[in-house]
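Enquirer: What follows is a structure written as structure tokens; I'll ask about it next.
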Amino acid sequence: MRNRLGDASSLYLRQHAGNPVAWQPWDAKALALARERGVPVLLSIGYSACHWCHVMAHESFEDEAIGALINELYVPVKVDREERPDLDHLYQLAHQALARRSGGWPLTVFIDPHTLLPFFAGTYFPTTPRHGLPGFSEVLRSVRRWWDEEPDQVQRQNQAMREFLASSTTGEAHAGELDDTPVRLARQRLESMFDAEHGGNRGAPKFPDAGALELLSGLARGGDAGAAAMLEATLAGMGEGGLHDHLGGGFFRYCVDAAWTIPHFEKMLYDTALLLPLYADFAATDPRRERARAVADRTVAWLREEMLAPDGGLCSALDADSEGGEGAYYVWTREQVSRALDPDEEPAVALRFGLDGPPNFEQHRWHLVAARTPLQVAQALDRDLGEVSTALERARQVLLQHRRTRPPPARDDKRLTAWNALAMAALARAGRVLEDRACVELAFEIGAFLRSHAFVDGALHASHAGGRTHFPGYLDDHAFLLDAAIELLAARWDAGWLALASELAATLTERFQDREHGGFWFTAHDHEKLPQRAMHWYDRSTPSGNAVAVRALQRLGWLLAEPRWIEAAERALRAGWEPLVQTPEACPTLVRALAEHLAPPPLIVLRTRPHEHAPWRQLMRGEALHGALCFGIPHDAAHLPAALAGKRHLPGGVAYLCRGTRCLPPARTPEALVALLETG
């Protein structure tokens, strides 16, 4: 048995190619080997930017003695959770049942190779016992001893696990009327958990919950002042605190404290993609929100400058660690700041980023937070605000360039379809509301990469790395890309993306839909057979694929007057009703989709010639900011489906207003459209 990870497409797998552990990829060959030897599979799941994955690798997997022990007792298999979210979801759920606590990474699972059922699971194990955890060598020996000496116990537990996994998949679909109970419950529970001092949920660690913030944003648009206050406080806490990278842009994964000060320093594409449109919307609704606009602009710059791969598409992550340890790339000493800046800039920078106070990172370094606003800095130094703002921006650029001379954290260059789709949607939406054409163009550029690299023989795949496209697409890949296609169409009409949106909707309903109960499986009907075919309703680090599928299908259904997609969305809402009413705060994206189903937003189709568009522009932008679905279709657009072909261009331009399946007479002027919106 030899280590087979040397030619893996995944950076995470290749990071373990030199281990003395004879790692195998998850494939038929590895599973057959375990069955032939009569030994369990030791499954280790992680990802390239995971700090504790690196710790366990250095402590255990690079150790010759531990490697020999693993090879003797098990067939070891490594999985990148970003490439195989189906396996990660399955075994995280199993870990929760076995260990009676939530999981995480690295995930360490011992599996029966015949049934693929796990019989023991944990996360990080140290080499020797500490912090209440057993030493990894003893875990390896004890688990194998149990497997050898108590096979009947193992099989009884496996049967119980099989029943648990089956019971956690689907329930009865809701047959009654759908109502707004989940919306009201989610609003109440989000407020009950809210940290009034720092924003976000109370306590630590502090994770950004983009789905909850999007729900609050929608409620705020509807006039909920309390939701607006919670949204504003959380965006300020994240944007001004240490979750946001004030020099290079983008967001770290989460903060370890309650005040959004010190993060775990990995940067994941999905976090930034999900937070960007929130800051863009917040800035666009009030031009005085200059700090939110700066966060949005820096975030777009980070995506373009740091994450865009040379051949296209956005890379998945930046590591938490670099030379010098976790966070070393991002933190500063006062001496480093002093050497980088001119003497007249340093006082303003010290006040702006909290360098005048005690170190906030490991007692001798600073992670930069926006401790004072530029106005407060100007007042403290008795200087002109414009002069201080210019100096701070100049200093930011100098510090950023200085930082780039440091050994950088590793970048995982695989392009994940689902995460790129999230970024496409974010960029299209941000570009539309901020009127940033370059932002929209970047969204289309990423979309072009996916269209040329993520499809193989017409089928969407999940990952592109090392010049190869891998893994049949999951629900999230299809649903997120459909959602992104609709955002692209709202930013700039494109016949090719309209056609692809219809194809994706057809694939979702034909290959992922549970036709008996409603909802969408995470894997297609012809996917590899696993102990569970999962259906996910709750948001995790990314939104629920079911929730995004519901939202996108009903939006496309309304646009194209296609009842099949609207009906599939409603069936999914009925199938997901139990989590919606029991724990709506855990599935905020599904709650938002329900809210749209109950009260469809205005859908406006504008048909104009280029010279006719100006009088409509600000009205359309304003309605989009208030939640309307707005599509500007050129007067000469070809290949329109029947529902749109009937919405013909008229001289001077014309707008068609619909809500759900009900459409109103055409509006020939912006004033007429306003009247329809007010009365409709």
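The values are calculated or read from the model by the stated rules, or taken from the named source; none is laboratory data. Keep in mind it's a predicted model, so treat the numbers as computed, not measured. Here the Cβ is made from the backbone with ideal geometry for all residues, glycine too, and neighbour counts use every protein chain on show. What goes into the accessible areas is simple: the full protein's heavy atoms, side chains included, and nothing from ligands, DNA or RNA. Shrake-Rupley method; radii C 1.70, N 1.55, O 1.52, S 1.80 Å.
Enquirer: Give the number of residues within segment 558-595 that are assigned to a helix (DSSP H, G or I), under 19 Å from A175 (Cα atoms) and within 23 Å of the chain's Cα centre (by Cα).
Expert: Counting residues in segment 558-595 that are assigned to a helix (DSSP H, G or I), under 19 Å from A175 (Cα atoms) and within 23 Å of the chain's Cα centre (by Cα) gives 11.
Enquirer: Does any residue of segment 142-150 turn out to be over 24 Å from A572 (Cβ atoms) and of a type in the set (S, T, Y)? If you could, list the steps in order and put the result at the bottom.
Expert: Looking only at segment 142-150, we keep the residues that are over 24 Å from A572 (Cβ atoms), and these are 142-150.
When the remaining residues are screened for being of a type in the set (S, T, Y), the result is 142.
Looking through segment 142-150, at least one residue is over 24 Å from A572 (Cβ atoms) and of a type in the set (S, T, Y).
Enquirer: For the subset of segment 501-533 comprising residues that are touching a Lys or Arg at 6+ places or on another chain (Cβ under 7 Å) and more than 19 Å from R574 (Cβ to Cβ), which member is most open to solvent (accessible area, probe 1.4 Å)?
Expert: Selected residue: H525.
Enquirer: Has segment 621-635 got at least one residue that is closer than 29 Å to T507 by Cα, in a helix (DSSP H, G or I) and under 33 Å from the mean Cα position of the chain (by Cα)?
Expert: Filtering segment 621-635 down to residues closer than 29 Å to T507 by Cα leaves 624, 627-634.
With the extra rule that they be in a helix (DSSP H, G or I), the set shrinks to 624.
Now restrict to residues that are under 33 Å from the mean Cα position of the chain (by Cα): 624.
Within segment 621-635, one or more residues are closer than 29 Å to T507 by Cα, in a helix (DSSP H, G or I) and under 33 Å from the mean Cα position of the chain (by Cα).
Enquirer: Every residue in segment 625-651 that is open to solvent by less than 40 Å² (accessible area, probe 1.4 Å) and over 15 Å from W493 (Cα atoms), please.
Expert: Passing the criteria: L625, G627, A628, A643.
Enquirer: Anything in segment 214-267 that is of a type in the set (D, E) and either open to solvent by 30 Å² or more (accessible area, probe 1.4 Å) or outside any helix (DSSP H, G or I) (or both)? List them, or say none.
Expert: Let us first name the residues in segment 214-267 that are of a type in the set (D, E), namely 214, 224, 232, 240, 245, 257, 266.
If the condition is that a residue be of a type in the set (D, E) and either open to solvent by 30 Å² or more (accessible area, probe 1.4 Å) or outside any helix (DSSP H, G or I) (or both), then D224, E232, E240, D245, D257, E266 are the ones that fit.
Yes/no per residue for (1) over 17 Å from A418 (Cβ atoms); (2) in contact (Cβ under 8 Å) with a residue 40 or more places away in the chain:
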residue	(1), (2)
G519	yes, yes
L530	yes, yes
R540	no, no
A552	no, yes
A586	yes, yes
R592	yes, yes
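Enquirer: A further question follows. May I ask you to list the residues in segment 411-446 that are open to solvent by less than 50 Å² (accessible area, probe 1.4 Å), within 30 Å of G466 (Cβ to Cβ) and of a type in the set (G, A, S)?
Expert: A418, A421, A423, A425, A426, A428, A443
Enquirer: Please enumerate the residues belonging to segment 67-81 that are closer than 17 Å to L5 by Cβ and either part of a helix (DSSP H, G or I) or β-branched (V, I, T) (or both).
Expert: As a first pass, look at segment 67-81 and keep what is closer than 17 Å to L5 by Cβ: 67, 70-71, 74-81.
G67, I70, N71, V75, V77, V79 - these are the residues of segment 67-81 that are closer than 17 Å to L5 by Cβ and either part of a helix (DSSP H, G or I) or β-branched (V, I, T) (or both).
Matching residues to (1) in contact with a Cys (Cβ under 7 Å, 6 or more places away or on another chain); (2) acidic (D, E):
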{"site": "A593", "(1), (2)": "no, no"}
{"site": "P600", "(1), (2)": "no, no"}
{"site": "E612", "(1), (2)": "no, yes"}
{"site": "W616", "(1), (2)": "no, no"}
{"site": "G622", "(1), (2)": "no, no"}
{"site": "Y656", "(1), (2)": "yes, no"}
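Enquirer: Against the definition (more than 21 Å from P472 (Cβ to Cβ) and either open to solvent by 40 Å² or more (accessible area, probe 1.4 Å) or among the β-branched types (V, I, T) (or both)), how does V79 come out, yes or no?
Expert: On the way: more than 21 Å from P472 (Cβ to Cβ): no; either open to solvent by 40 Å² or more (accessible area, probe 1.4 Å) or among the β-branched types (V, I, T) (or both): yes.
Criteria not met by V79.
Enquirer: Still on this model: Kindly indicate whether H536 is in contact (Cβ under 8 Å) with a residue 60 or more places away in the chain, more than 20 Å from L603 (Cβ to Cβ) and open to solvent by 10 Å² or more (accessible area, probe 1.4 Å). Break it down stepwise before answering.
Expert: On the way: in contact (Cβ under 8 Å) with a residue 60 or more places away in the chain: yes; more than 20 Å from L603 (Cβ to Cβ): yes; open to solvent by 10 Å² or more (accessible area, probe 1.4 Å): yes.
Spelling it out, H536 is indeed in contact (Cβ under 8 Å) with a residue 60 or more places away in the chain, more than 20 Å from L603 (Cβ to Cβ) and open to solvent by 10 Å² or more (accessible area, probe 1.4 Å).
Enquirer: Taking the condition of a type outside the set (D, E), open to solvent by less than 10 Å² (accessible area, probe 1.4 Å) and touching a residue at least 40 places away in the same chain (Cβ under 8 Å), does Q15 pass?
Expert: Working: of a type outside the set (D, E): yes; open to solvent by less than 10 Å² (accessible area, probe 1.4 Å): no; touching a residue at least 40 places away in the same chain (Cβ under 8 Å): yes.
So Q15 fails the test.
Enquirer: Quick one: is A495 of a type in the set (A, V, I, L, M), within 24 Å of S452 (Cβ to Cβ) and open to solvent by 20 Å² or more (accessible area, probe 1.4 Å)?
Expert: On the way: of a type in the set (A, V, I, L, M): yes; within 24 Å of S452 (Cβ to Cβ): yes; open to solvent by 20 Å² or more (accessible area, probe 1.4 Å): yes.
For A495, the condition - of a type in the set (A, V, I, L, M), within 24 Å of S452 (Cβ to Cβ) and open to solvent by 20 Å² or more (accessible area, probe 1.4 Å) - is met.
Enquirer: Has segment 452-471 got any residue that is of a type in the set (S, T, Y), open to solvent by less than 50 Å² (accessible area, probe 1.4 Å) and not in a strand (DSSP E or B)?
Expert: Going residue by residue through segment 452-471, those that are of a type in the set (S, T, Y) are 452, 463, 469.
Narrowing the set further to residues that are open to solvent by less than 50 Å² (accessible area, probe 1.4 Å) leaves 463, 469.
Within this subset, residues satisfying the condition of being not in a strand (DSSP E or B) are none.
Looking through segment 452-471, none of the residues is of a type in the set (S, T, Y), open to solvent by less than 50 Å² (accessible area, probe 1.4 Å) and not in a strand (DSSP E or B).
Table: residues versus (1) touching an Asp or Glu at 6+ places or on another chain (Cβ under 6 Å); (2) part of a helix (DSSP H, G or I).
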{"site": "S137", "(1), (2)": "no, yes"}
{"site": "R141", "(1), (2)": "no, yes"}
{"site": "D148", "(1), (2)": "no, yes"}
{"site": "M161", "(1), (2)": "no, yes"}
{"site": "G171", "(1), (2)": "yes, no"}
{"site": "E177", "(1), (2)": "no, no"}
{"site": "A186", "(1), (2)": "yes, yes"}
{"site": "R189", "(1), (2)": "yes, yes"}
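Enquirer: Let me ask you something else. Please list, ordered by first then second residue, the pairs with beta carbon atoms under 9 Å, 6 or more apart or interchain, first in segment 19-37 and closer than 21 Å to H54 by Cβ and polar (S, T, N, Q), second assigned to a helix (DSSP H, G or I) and open to solvent by 30 Å² or more (accessible area, probe 1.4 Å).
Expert: Q24/L33
Enquirer: What number of residues in segment 82-123 are open to solvent by less than 20 Å² (accessible area, probe 1.4 Å), outside any helix (DSSP H, G or I) and either among the small types (G, A, S) or at pLDDT below 95 (or both)?
Expert: Summing the residues that are open to solvent by less than 20 Å² (accessible area, probe 1.4 Å), outside any helix (DSSP H, G or I) and either among the small types (G, A, S) or at pLDDT below 95 (or both) in segment 82-123 gives 3.
Enquirer: Can I ask one more? Filter segment 160-191 down to the residues that are of a type in the set (S, T, Y), over 17 Å from R574 (Cβ atoms) and in contact with a helix residue (DSSP H, G or I) (Cβ under 9 Å, 6 or more places away or on another chain) and list them by number. Walk me through how you get there before you give the answer.
Expert: First pass over segment 160-191, keeping only residues of a type in the set (S, T, Y): 167-170, 181.
Within this subset, residues satisfying the condition of being over 17 Å from R574 (Cβ atoms) are 167-168.
Of everything in segment 160-191, just one residue is of a type in the set (S, T, Y), over 17 Å from R574 (Cβ atoms) and in contact with a helix residue (DSSP H, G or I) (Cβ under 9 Å, 6 or more places away or on another chain), namely S168.
Enquirer: Right, another one. Tally up the residues in segment 312-331 that are free of Cβ contacts under 8 Å to residues at least 60 places away in the same chain and either among the small types (G, A, S) or surrounded by fewer than 21 Cβ atoms within 10 Å (Cβ to Cβ) (or both), please.
Expert: Let us first name the residues in segment 312-331 that are free of Cβ contacts under 8 Å to residues at least 60 places away in the same chain, namely 325, 331.
Right, trim to either among the small types (G, A, S) or surrounded by fewer than 21 Cβ atoms within 10 Å (Cβ to Cβ) (or both) and you get 325.
Looking only at that region, the number is 1.
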